[in-house]
Amino acid sequence: RRLSEETPYGIDMVNPDSPTPRLQQGENSIKICVVDTGYANGHEDLPSLNATNDGYSPYKQLWHVDGNGHGTHCAGTIGAIGGNNVGVTSVNPISEKFSFFIGKGLRNSGSGTTAGVMEAV
């Protein structure tokens with residue numbers, strides 16, 4: 001088990017805390033919508049979300065359960081909590097400056113429909 005936080009390849013290209021930032025995390029909080037296979041709510045390196053208000057699934061599957069893992073991976077690249085010595089950091093490492101809305105546009109298997117993706121948006 002790793003005992004410190006890692007910075008995945010590519011994060012420093014856009015991370016505002018990097019020596020040569022290309023993206024600045026602004027003063028105001030923003031809403032980020034991730035449409036994918038869901039979100040592992042309760043993941044130790046991601047912000048906890050409200051299961052009632054912070055996501056949507058057009059399928060008979062919970063948006064806050066990611067049976068595939070890909071949606072959680074994408075959300076982690078966007079918003080893993082930085083500076084906590086857990087897992088990885090992200091392009092938005094300060095979780096107080098953003099909030100997620102999760103659209104489960106793909107099923108736990110990773111498959112879906114165009115209509116399902118559009119409804120999740």
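The values are calculated or read from the model by the stated rules, or taken from the named source; none is laboratory data. None of the values given here were measured: they were computed from a predicted structure. Don't worry about glycine lacking a Cβ; one is built from the backbone with ideal geometry, like all the others, and counts go over all protein chains shown. Keep in mind that these areas ignore ligands, DNA and RNA; they rest on the heavy atoms of the full protein, side chains included. Shrake-Rupley method; radii C 1.70, N 1.55, O 1.52, S 1.80 Å.
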Going by what's in this entry, would V14 be described as surrounded by 14 or more Cβ atoms within 10 Å (Cβ to Cβ) and modelled with pLDDT of 85 or more?
no
Within the stretch 64-81, residues being among the β-branched types (V, I, T) and at pLDDT 95 or above number 2
Residue by residue through the stretch 92-106, note down the ones that are open to solvent by 20 Å² or more (accessible area, probe 1.4 Å) and of a type outside the set (S, T, N, Q).
I94, E96, K97, F101, L106
Can you find even one residue in the stretch 95-118 that is over 13 Å from V35 (Cβ atoms), assigned to a loop (DSSP other than H, G, I, E, B) and either touching a Pro at 6+ places or on another chain (Cβ under 9 Å) or modelled with pLDDT under 95 (or both)?
no
Any residue in the stretch 48-57 that is closer than 22 Å to G10 by Cβ, among the aliphatic types (A, V, I, L, M) and open to solvent by 40 Å² or more (accessible area, probe 1.4 Å)?
no
Going residue by residue through the stretch 111-120, is there one that turns out to be open to solvent by less than 70 Å² (accessible area, probe 1.4 Å) and under 23 Å from I11 (Cα atoms)?
no
Being closer than 25 Å to Y9 by Cα, assigned to a loop (DSSP other than H, G, I, E, B) and open to solvent by less than 20 Å² (accessible area, probe 1.4 Å) is the requirement here; does G38 meet it?
yes
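How many residues, within the stretch 62-78, are open to solvent by less than 50 Å² (accessible area, probe 1.4 Å) and of a type outside the set (D, E)?
Summing the residues that are open to solvent by less than 50 Å² (accessible area, probe 1.4 Å) and of a type outside the set (D, E) in the stretch 62-78 gives 9.
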Does P8 satisfy the condition of being open to solvent by 30 Å² or more (accessible area, probe 1.4 Å), modelled with pLDDT under 95 and touching a strand residue (DSSP E or B) at 6+ places or on another chain (Cβ under 8 Å)?
yes
